[in-house]
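Working notes, beginning with the structure itself.
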Amino acid sequence: MAEEAHALAIDQVVQKALDDANVSESDLSAVAVTIGPGLSLCLRVGVHKARKIAKVFGLPIVGVHHMEAHALVSRLVNKDLDYPFLALLISGGHNLLVLAQNLGEYVQLGTTIDDAIGEAYDKSARWLGLDIQKGGGPALEELALEGDPNSINFTVPMRQHKDCNFSYAGLKTPVRLAIESRNLCTDDIPISSATEEDRQLRANIAASFQRIAVLHLEDRCQRAVEWALKMRPSIKNFGCFRWCCF
């Protein structure tokens, strides 16, 4: 689904970028494209587009680190954003906290040690019997609006760990157990066919999960800010970047 969404959007996105810059492909001197790490099915859509343009107009291709591109994209829209700055990168498969000290100079403060938040959202949405055609994250977030975020006492992951790393594997298991202990037949009954009581239980689980998932982000980010300020006291900016399928 993610690959298809990228393929449907790529031509329009590239054309809009050219139009906004008031240039055409023939005015370009090179084609830059993110090559990884990341979801290869999606990345290859961009690579194929870049190769097509480069071949037609005889242009060189510049491979760009996927995470670095997301960390730096804010400087395209905020011309006053200068180094150093702190960036939180979030996707279906990655969580990263990076101190950008200069172009090409980065300190990784935290990373995903097992599952990223996007994976936890997708799995939880599937277990709750949600329609995830447009992504597990949006589906779960929509259902969570109907629930009580304090109804289930999930534990914030890794609060005893004095670092900036992320772990969502330990949050997925309690979600699954909460579903099973309430005898919710989510495998056989999708949310669209659930009773009012059943839907409310699922909404409570979704809201409680989301509260803890975000609290984990907040905990890690607060620690990263403290670390970054010790390393670079002049730092003033912190950006959050979400991409891919989350």
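Only one of the numbered conditions (1) at pLDDT below 90; (2) assigned by TED's automatic domain parsing to the domain that holds Ala9; (3) not polar (S, T, N, Q) is not met by Gly93, and that is (2).
Applying the condition of being of a type in the set (A, V, I, L, M) and in a loop (DSSP other than H, G, I, E, B) to the stretch 60-111 and asking which residue is nearest to Val33 (Cα to Cα) yields Val73. Evaluate the following for Ile235: is it buried (at least 17 other Cβ atoms within 10 Å of the Cβ), touching a Pro at 6+ places or on another chain (Cβ under 8 Å) and assigned by TED's automatic domain parsing to the domain that holds Phe85? Considered against the rule, which asks whether it is buried (at least 17 other Cβ atoms within 10 Å of the Cβ), touching a Pro at 6+ places or on another chain (Cβ under 8 Å) and assigned by TED's automatic domain parsing to the domain that holds Phe85, Ile235 comes out as yes.
Across the stretch 38-59, the number of residues qualifying as at negative phi, over 23 Å from the mean Cα position of the chain (by Cα) and not in a helix (DSSP H, G or I) comes to 1. When residues in the stretch 124-149 are screened for being aromatic (Phe, Trp, Tyr) and surrounded by fewer than 16 Cβ atoms within 10 Å (Cβ to Cβ), 0 of them pass.
With the structure loaded, tell me whether Ala203 is surrounded by 19 or more Cβ atoms within 10 Å (Cβ to Cβ) and in contact (Cβ under 8 Å) with a residue 60 or more places away in the chain or whether it fails that test. Answer is yes for this residue. Residues in the stretch 164-190 that are surrounded by fewer than 19 Cβ atoms within 10 Å (Cβ to Cβ), part of a helix (DSSP H, G or I) and aliphatic (A, V, I, L, M): how many? Result for the stretch 164-190: 2.
Within the stretch 1-33, if we keep just the residues that are in contact (Cβ under 8 Å) with a residue 40 or more places away in the chain and assigned to a helix (DSSP H, G or I), the residue that is surrounded by the most Cβ atoms within 10 Å (Cβ to Cβ) turns out to be His6.
Residues in the stretch 136-152: is at least one assigned by TED's automatic domain parsing to the domain that holds Thr186, in a loop (DSSP other than H, G, I, E, B) and at pLDDT below 95? Within the stretch 136-152, not a single residue is assigned by TED's automatic domain parsing to the domain that holds Thr186, in a loop (DSSP other than H, G, I, E, B) and at pLDDT below 95.
The values are calculated or read from the model by the stated rules, or taken from the named source; none is laboratory data. Bear in mind the structure is a predicted one, so any value in this text is a computation, not a measurement. Here Cβ is always computed from backbone atoms with ideal geometry, including for glycine, and neighbour counts include all displayed protein chains.
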